[in-house]
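Notes to accompany the following structure.
What follows draws every value from the coordinates through simple rules; no lab data is involved. Because the structure is predicted, anything quoted here is derived from the model rather than measured. A quick note on method: Cβ atoms are made from the backbone with ideal geometry, for glycine too, and the neighbour counts reach across all protein chains shown.
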Amino acid sequence: MNKYKACNAIALHTTFIIISILLLVHKFPLISSLNQKVLDSIKFAEDSYPFTMYLNFDKALLGLIVFLCFGFTIHKKITYQKVIKITFFNTLLCSSVIFSIALLIDAIRWDPKFPSESFIFLLNNLFIVCVAEEAFFRRYIQGHLQEVFKFRFGPLLALLLASVVFGLAHYKGGFQMVAFASLAGLFYGVSFLKTGRLEASVLTHFGFNIIHFFFFSYPFLDN
């Protein structure tokens, strides 16, 4: 019976992962056809790389599926005051580390701005990008790996693996994007690990993206 349950669990998770990947890479035609391009090759500065943005309803659907199947939390009892404190600290730490490195290698520059596209960017980034990505990479992948890895450093290994997978999902941006996304994923994952709540990683992710968008070259310099 235990082997039967294990086989069923493996089959279900494999199916879910395949469906999730297809949604993330927009390979469900009926759903991906609903995606709308809202920004087309916008340059927020003369030396910034052109930015194109879609409202990806297939990605939003993935986030909704994760919520319905697995919920927001992995059942850690924690106050919202502590969640806010951890989120705020990790957002500042993530931003300090990554933007310092990016400035040193001339990937970005200081570029404070408030473009007319800000409102649609914020809505899309919070409710589609951050929520969906954190639901899948933190709540599903990291959360389930934590349940599987019962040994002493299991949660840290789950954090590392989820961060690497998150980085690899940004492969279209090249090696530099994969490296930065993997590093950022560690900070988002720490917020989830310390609180057990998806809101913490979503807000850490969103906070980092806000700082990037409004204060630095976005998405990066067109070198």
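Things to note:
- The chymotrypsin sites (Phe, Trp or Tyr not before Pro) of segment 145-223 that DSSP puts in a loop, and whose beta carbon has at most 10 other beta carbons within 10 Å, are 151, 153.
- Couplings for segment 162-174, taken from phi via the Karplus curve 6.51 cos²θ - 1.76 cosθ + 1.60 with θ = phi - 60°, read 5, 5, 5, 4, 4, x, 5, 5, 9, 4, 5, x, x Hz in order; Gly and Pro are left as x.
- A simple rule links phi to the HN-Hα coupling: the Karplus curve 6.51 cos²θ - 1.76 cosθ + 1.60 with θ = phi - 60°, which for segment 189-196 gives x, 5, 4, 5, 5, 6, 10, x Hz, with x for Gly and Pro.
- From helices alone, the chain scores -20000 deg cm²/dmol at 222 nm; the rule is -39500 (n - 2.57) for each run of n ≥ 4 DSSP H residues, then divide by the residue total.
- Nearest-0.05 FRET efficiency for residue 42 and residue 103, computed from C-beta distance (R0 25 Å): 0.65
- Pairs from 85/150; 27/82; 77/172; 77/150 whose Cα-Cα separation, in the structure shown, is over 30 Å: 27/82; 77/172
- From phi via Karplus (6.51, -1.76, 1.60), per-residue ³J(HN,Hα) for segment 114-120 in Hz, x at Gly/Pro: 9, x, 5, 7, 4, 5, 5
- Taking amide H as placed 1.01 Å from N in the peptide plane, the amide H of residue 54 sits under 5 Å from that of 38, each at least 5 places away or on another chain.
- With 5 Å bins beginning at zero, the pair-distance distribution over Cα atoms of the chain amounts to 1, 7, 13, 18, 20, 17, 12, 7, 3, 1, 1, 0, 0 %.
- With R₀ fixed at 30 Å, the C-beta to C-beta distance from residue 27 to residue 183 puts the FRET efficiency at about 0.60.
- Projecting the Cα positions of 154, 83, 183 onto the charge dipole of the chain (unit charges on Cβ atoms of Lys, Arg, Asp and Glu, taken about the Cα centre) puts 154 furthest along the positive direction.
- Loop GluC sites (Glu not before Pro), segment 74-141 (other Cβ atoms within 10 Å of the site Cβ: 16 or fewer; DSSP): 117
- Dipole magnitude of the chain, debye to nearest 20 (Cβ charges: Lys/Arg +1, Asp/Glu -1, about Cα centre): 1120 debye
- Sequence-separation-based contact order of segment 90-223, relative, with Cα cut under 8 Å and 6+ spacing, percent: 37 percent
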